[in-house]
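Structure, as structure tokens:
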Amino acid sequence: MESTTTATQTSFDPAAPLYHGARPPGVQPVEVARLTPWQRVLLVADGTVTRLLEAWALEPVSVRLVRQRQVERSLQDDWLGSPFDGPVIERTVILSGATSGRFFLYAESLILPGRLPAGLQDALSGSSGGLGQILDAAAVESRREGLWFGRLRRDGLPEEAAMASEGEFLARCYRLLVGGRPAMRITEYFPWVATHPGPLATDQGS
């Protein structure tokens, strides 16, 4: 009975039905069964990641806006329903413990403001908070669709992210649909080695 239970647990992948895109080059696949419960929760969470992190770390989470700029560009991105010509917002943030200063998350977002309600466009331009908090405050209904997840190395990060993670991340990418149309593509990078007591993941080799 024990061996049957173990085999079932090993073969069951709760993240598989949630992600439908191909991994970009350089992103390594991971065996979900070899991740810790916390890391599996990160992959399947379908809510505001700020609240999730606060519940895990037992401290408020601070959101620091690293960069936000709006540019005119031609966008070729199948996940956002390209081709697209017009304004695009590029946004990066860092989430860390407001008390401890521990690094939790680095996130990059590509946003098509023309597909957002006017109130949400205004909220984005006037807020430095997390996207989930901004969406909640604007009472905008959205739907999340997972694209890919995996393990990767990422260079060129802000110093606090690079030092805390040593460049090694569990990443997940998803898109947000607003009014039935893809409006945002968000990639979140969680440090492979936890800054919270206890391991974030088992070693799967380098």
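FYI, it's all coordinate maths here, none of it is from the lab. Keep in mind the model is a prediction, meaning the values are calculated, not measured. Virtual Cβ from ideal backbone geometry, glycine too; neighbours counted across all protein chains shown.
The label-point distance for residue 69 and residue 12, in a model that sets each label 7 Å from Cα toward Cβ, rounds to 4.7 nm.
Give me 106, 189 sorted ascending by neighbouring Cβ count inside 10 Å, so fewest comes first. Spell out each step's value before the answer.
Values: 106 26, 189 22.
Placing the least packed residue first, the sequence is 189, 106.
The packing ranking of peptides 19-30, 38-49, highest mean first, is 38-49, 19-30, where packing means the average number of other beta carbon atoms within 10 angstrom of each residue.
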